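This report concerns only the one structure given below.
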Amino acid sequence: MKRLIFLGPPGAGKGTQAKLLAAKTGIAHISTGEMLRSAISSGTTLGKQAQTYVDKGELVPDQLLLDLIRARLREPDAKNGWILDGFPRNASQAAFLDKLLMEMNQACDYAINLEVPEQVLMERLVGRGRKDDNPETIRRRLEVYHEHTAPVLDFYLLKGNLKSVNGDRPLEEVNKSLQEIVNGGIRDLK
Ligand code: AMP
């Protein structure tokens, strides 16, 4: 049972790696980006409120995310651990999550920073073809990452549970490193 937070810039492979790791370990994959995209495509109130932000590459206001994440972490499948992909995205979300986990008597085992050079990120994002993957929005999402999300790395560094993984390698190799972190943690307990 592991609780992991995937950090790293857009295009680092968080979603792809989280999905693969979830499939291999049975841990729930929780992607706030996917939750928002599904709310937008089904036209819910949340979707309508979030759409302009997602389309522009801006962060959706915290208020819209907090209830969503609180409810999602209480779903039955999250009892066996979870991989948070795309949350927290700024310092106040990190503080919220910390408090929420404390209330739930849980803790995140590792925050994992997937490191990929900026040039590679651009190439990957341009090639991906999602609606928010046009050059202007990509630029903005990278800026937003540096301004708001990168500082979250320090939060977990200070807590002592930040791990960095080189994400600029073939998919299976990156996933192997992630699995080693998951399994290594279990060995630590023995
Ligand atoms: P992602 O799929 O993680 O790249 O997220 C896609 C978009 O969803 C982001 O560019 C934001 O507009 C929005 N989003 C996802 N997660 C969050 C979050 N934790 N806080 C604010 N906005 C978010």
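Overview of results
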item: Directionally averaged projected area (convex hull, Cα atoms, the chain), nm²; result: 10.4 nm²
item: Accessible area per residue in Å² at 1.4 Å probe, computed on segment 2-182; result: 49 Å²
item: Rg to Rh quotient for segment 88-136, alpha carbon positions, Kirkwood Rh; result: 1.17
item: Dipole of segment 1-153, positive end: most advanced residue of Ala23, Leu121, Leu59 [Cβ charges, Cα centre]; result: Ala23
item: Computed lengthening from Thr52 to Ala91, 0.36 nm per intervening residue step minus Cα-Cα distance; result: 11.8 nm
item: Gain in span if fully extended, Gln179 to Leu158, counting 0.36 nm per residue against the direct Cα distance; result: 5.2 nm
item: Mean Cα-pair separation over length for segment 2-182, i.e. relative contact order, pairs under 8 Å, 6 or more apart, %; result: 35 percent
item: 25 °C / 0.890 mPa s Stokes-Einstein diffusion coefficient of segment 91-190, Kirkwood radius on C-alpha pairs, µm²/s; result: 156 µm²/s
item: Coil-residue chymotrypsin sites (Phe, Trp or Tyr not before Pro) of segment 21-124, DSSP, other Cβ within 10 Å capped at 15; result: none
item: Helix-only [θ]222 nm of the chain, DSSP H runs n ≥ 4, -39500 (n - 2.57) each, per residue, nearest 500; result: -18000 deg cm²/dmol
item: Whole-percent carbon and sulfur share, accessible surface of the chain, 1.4 Å; result: 53 percent
item: Under Karplus coefficients 6.51, -1.76 and 1.60, residue-wise ³J(HN,Hα) of segment 98-114 in Hz, glycine/proline x; result: 4, 5, 4, 5, 4, 4, 8, 6, 10, 8, 7, 6, 9, 9, 10, 9, 7
item: Low-density loop positions, trypsin sites (Lys or Arg not before Pro), segment 49-82 - DSSP coil, at most 14 other Cβ in 10 Å; result: Arg74
item: Pairs from Lys14/Lys79; Lys48/Lys176; Lys14/Lys99; Lys48/Lys131; Lys14/Lys131 whose Cα-Cα separation, in the structure shown, is over 27 Å; result: Lys48/Lys176
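The values are calculated or read from the model by the stated rules, or taken from the named source; none is laboratory data. Quantities reported herein were computed from a predicted structural model and do not represent experimental measurements. All Cβ positions, even for glycine, are placed from backbone atoms using ideal geometry, and neighbour counts span all protein chains on display. What goes into the accessible areas is simple: the full protein's heavy atoms, side chains included, and nothing from ligands, DNA or RNA. Shrake-Rupley method; radii C 1.70, N 1.55, O 1.52, S 1.80 Å.
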